[in-house]
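Below: one structure, written as structure tokens.
The values are calculated or read from the model by the stated rules, or taken from the named source; none is laboratory data. Small disclaimer: the values here were computed from a predicted structure and weren't measured. We place every Cβ from the backbone using ideal geometry, glycine too, and count neighbours over all the protein chains shown. The protein model used for the area step is the full one, side chains on, heavy atoms only, and it has no ligands, DNA or RNA in it. Shrake-Rupley method; radii C 1.70, N 1.55, O 1.52, S 1.80 Å.
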Amino acid sequence: MKLSGAWLDNPATQTVLGLLGQAGHQAYVVGGCVRNAALGVDVTDVDIATSARPEQVMELAGAAGLRAVPTGLPHGTVTLVCDGQGFEVTTFRRDVETHGRHATIAFSDDVAEDASRRDFTMNALYADALGHVIDPLGGGLADLHARRVRFVGTAAHRIHEDYLRILRFFRFHAQYGDPARGLDADALAACADGVGGIDQLSAERLGAEMRKLLAAPDPAPAVAAMAQCGALARVLPGADITALAPLVHLEGPAPPRWLRRLAVLGGATDRLRLTRAETRDLTRIRAALAENPRAAELGYRLGAELAGDICLARAALLGHPLPEGWQAEITRGAEARFPVRARDLPHLHGPELGAALKALEARWIASDFRASRATLLG
Ligand code: ATP
Ligand code: MG
């Protein structure tokens, strides 16, 4: 198989690969970019694997006038900047010792050794500068085309090396798996056996994996499998998957919003590192779900995006259809402008002014945004 695309053919990628290749090293693009290009999915970042040692990578880059940032020297990674684009260049590695998350590694000259320590066969694919795909372990391309998420080696063994792979298994299935085929039974059993290891993973990594999983077009089957093997309860204690598939159905082709899916799952989120904005939005969605506000009022108070999340989540959780015209109602509310200003109440100041404006706004909302300025002030 031969790949092409701007991500590979552009001068920056070619420069970095050429720099290493011309010095006699092996250098390949690897992992997500190869997988995505082979599937016809957008490539976001281009990772490079090479037989060159990190200090050789730094030296070659320096000689060619490229900026080299030692972003992960202990595990062999140097980031090269070419035409403003960053490339993570990592030396071939093999695991010497594993500790359930971080491994002690040794550098290697053998691309097959490098492939063996990768998580899934579809992530253990490489391509040279011309786009020729290299599948050092064999079977990776076939798995990719069949959209089969399969561990490199024995699932149980690979999971005990690094428990993050449990989360990655469900995430990659949701993103790239064949929805018609269930998840691999042996891998699921190994996940069930290893779920205790999830407790030692950082909130940051769990958050990052859940974000990607829930942003997949349809994460429901993978999340159901996660619940069944006990992984979901470790990540999101108290979560309930019942409303997730109905939510995905109600969303239709609307762009997936991971936070909306998270809100519908419920459960405690302290095992996930969320941003301040995510925590605020999740709290707002959950608070609104406990009440029963009109779509237009939600649009006015929270903006169209969160209002949409709440209406969809609410319908999914209650098993109700969406109220007719809900989107137009949200837009109407989001565009409504409260007609009274502080200067309309010149006799009031401070907290009194605040309270009066709030009361008038509540009357105006109750009038379905119809009461005029004159009516409100009269
Ligand atoms: P994404 O599009 O989500 O970035 P990706 O495949 O690039 O997908 P990364 O997490 O960026 O995923 O990892 C890059 C590559 O490194 C993977 O394709 C895989 O080969 C390898 N990899 C990453 N994490 C692990 C892990 N925990 N165990 C083994 N290999 C891993
Ligand atoms: Mg990546």
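Using the average count of surrounding beta-carbon atoms within 10 Å as a protection proxy, the listed peptides 295-304, 44-53 rank, highest first, as 295-304, 44-53. Summarising the overall dimensions of region 53-94 from its C-alpha atoms, the Rg and Dmax are 9.6, 31 angstrom. Kirkwood's formula applied to the C-alpha pairs of region 204-250 gives a hydrodynamic radius of 11.0 angstrom. Rolling a 1.4 Å probe over the heavy atoms of the protein chains gives the chain an accessible area of 47 Å² per residue.
Protection proxy ranking of 129-141, 10-22, by the mean of other Cβ atoms within 10 Å over each peptide's residues and highest first, is 10-22, 129-141.
For the chain, the share of accessible area belonging to carbon and sulfur comes to 52 percent (1.4 Å probe, ligands and nucleic acids excluded).
Both radii come from the Cα set of the chain: Rg as radius of gyration, Rh as Kirkwood radius; their ratio Rg/Rh reads 1.09. In the chain, the DSSP beta bridges split such that about 85 percent are antiparallel, to the nearest 5.
A convex hull fitted to the Cα coordinates of region 70-202 yields 136 cubic angstrom per residue. Its DSSP H runs of at least 4 residues, each contributing -39,500 (n - 2.57), put the calculated 222 nm mean residue ellipticity of the chain at -14500 deg cm²/dmol, to the nearest 500. Distance between the C-alpha centers of region 142-165 and region 235-285? Whole Å please. Each part's Cα centre sits 26 Å from the other's.
Using the alpha carbons alone, the radius of gyration of region 326-368 stands to its Kirkwood radius in an Rg to Rh ratio of 1.10.
Using only alpha-carbon positions, what ratio does the radius of gyration of region 1-146 give when scaled by 2.2 N^0.38 Å?
Taking N as the residue count of region 1-146, the ratio is 0.99.
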